[in-house]
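Q: Below you will find the structure I want to go over with you.
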């Protein structure tokens, strides 16, 4: 039986627990590393002349440009020997980074800002993706067809007090919905389709590949998760620590340059995303090619994170105003 937590108000949790868009329950990882990596020796050279760096990832479509760069040897050409670890939770990767097992990791920015408020010395080094195709769905045939119909509804989200609850609250309030009537129900994304069909929840915040499967089943998109106050919101990217960026700026700068190239290649030829996804997940090439493309950031912009911080403060995901400037890495 799946345990579900419920909330009708924002729930703050230490170091935001699950990442945004496709939590690792969404896509099953296959042999690219494990969560129990030993002590990281990132920044050190080896006999090949390459500099070793351990990078934490998640099995999400959003990180396909990273795996494209890895598979095509772009990191190696730039002088980096990249080892990967895949985790089911962005917060777990942040914990691994703080313990020294990982030097650079992919995670959502709500977790990063909450961690910074708790005093973690984090540095955002590059954006990866912003507002994407995700949305709130109701079951086929439901009377819930517009945002205002969600008043008094229960909505499934992957984690209380994180990006899905934040965007739901902001978007629904922009449509005049009384948030005090909404019940947020925490459950893994793979359970959401069945929960909708069995009537356990009225709506669900859908991610890929479940978003595409929901639409194929005739379920209704009620509202986008990223519109109005959440349009073009910074969502997730690559993070390190103040210590690592200070001691190994050359490694960080090279990592950024490779990701810039990978993002440019993906923008020029979107098929590299679909081609990369099956190499680090159990998603088939056929399914990968049918997924809604992630909203990648070919140009990383670290100048407007105050918008995210202000929205988090407004909806109770931060306790006080947060100065985001010290979190931004400058090459």
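The values are calculated or read from the model by the stated rules, or taken from the named source; none is laboratory data. Remember, predicted model here, so these are calculated numbers, not experimental data. Cβ: placed from backbone, ideal geometry, glycine included. Neighbour counts: every protein chain shown.
Q: What residue, among those in region 229-263 that are in contact with a helix residue (DSSP H, G or I) (Cβ under 9 Å, 6 or more places away or on another chain) and loosely packed, with under 15 Cβ neighbours inside 10 Å, is nearest to residue 207 (Cα to Cα)?
A: Result: 232.
For every residue, the table says whether it meets (1) modelled with pLDDT of 95 or more; (2) outside any helix (DSSP H, G or I); (3) more than 22 Å from the chain's Cα centre (by Cα); (4) farther than 23 Å from residue 130 by Cβ.
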site	(1), (2), (3), (4)
196	yes, no, yes, yes
201	yes, yes, yes, yes
261	yes, no, no, no
264	yes, no, no, no
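Q: Given the conditions (1) loosely packed, with under 14 Cβ neighbours inside 10 Å; (2) assigned to a helix (DSSP H, G or I), report the number of the one that residue 320 does not fulfil.
A: Answer for residue 320: the failing condition is (2).
Q: Just checking, which of 159, 240 is at pLDDT 95 or above, under 18 Å from the mean Cα position of the chain (by Cα) and outside any helix (DSSP H, G or I)?
A: Step by step, each of 159, 240 is checked, and only 240 is at pLDDT 95 or above, under 18 Å from the mean Cα position of the chain (by Cα) and outside any helix (DSSP H, G or I).
Q: Please state which of the following conditions residue 254 fails to meet, knowing it meets all the rest: (1) touching a strand residue (DSSP E or B) at 6+ places or on another chain (Cβ under 8 Å); (2) modelled with pLDDT under 95; (3) part of a helix (DSSP H, G or I).
A: (2)
Q: Which members of region 98-134 meet the condition of being without any contact (Cβ under 8 Å) to a residue 12 or more places away in the chain and either crowded, with 20+ Cβ neighbours inside 10 Å or more than 21 Å from residue 310 (Cβ to Cβ) (or both)?
A: 99 - this is the single residue of region 98-134 that is without any contact (Cβ under 8 Å) to a residue 12 or more places away in the chain and either crowded, with 20+ Cβ neighbours inside 10 Å or more than 21 Å from residue 310 (Cβ to Cβ) (or both).
Q: Considering only region 105-134, state which residues are part of a strand (DSSP E or B) and more than 17 Å from residue 160 (Cβ to Cβ).
A: 105, 106, 107, 122, 123, 124, 125, 126, 127, 128, 129
Q: Here's another thing I want to ask about it. For the subset of region 173-194 comprising residues that are within 21 Å of the chain's Cα centre (by Cα) and at pLDDT 95 or above, which member is farthest from residue 150 (Cα to Cα)?
A: 185
Q: Would you call residue 160 in contact with a helix residue (DSSP H, G or I) (Cβ under 6 Å, 6 or more places away or on another chain), more than 29 Å from residue 298 (Cβ to Cβ) and assigned by TED's automatic domain parsing to the domain that holds residue 200?
A: For residue 160, the condition - in contact with a helix residue (DSSP H, G or I) (Cβ under 6 Å, 6 or more places away or on another chain), more than 29 Å from residue 298 (Cβ to Cβ) and assigned by TED's automatic domain parsing to the domain that holds residue 200 - is not met.
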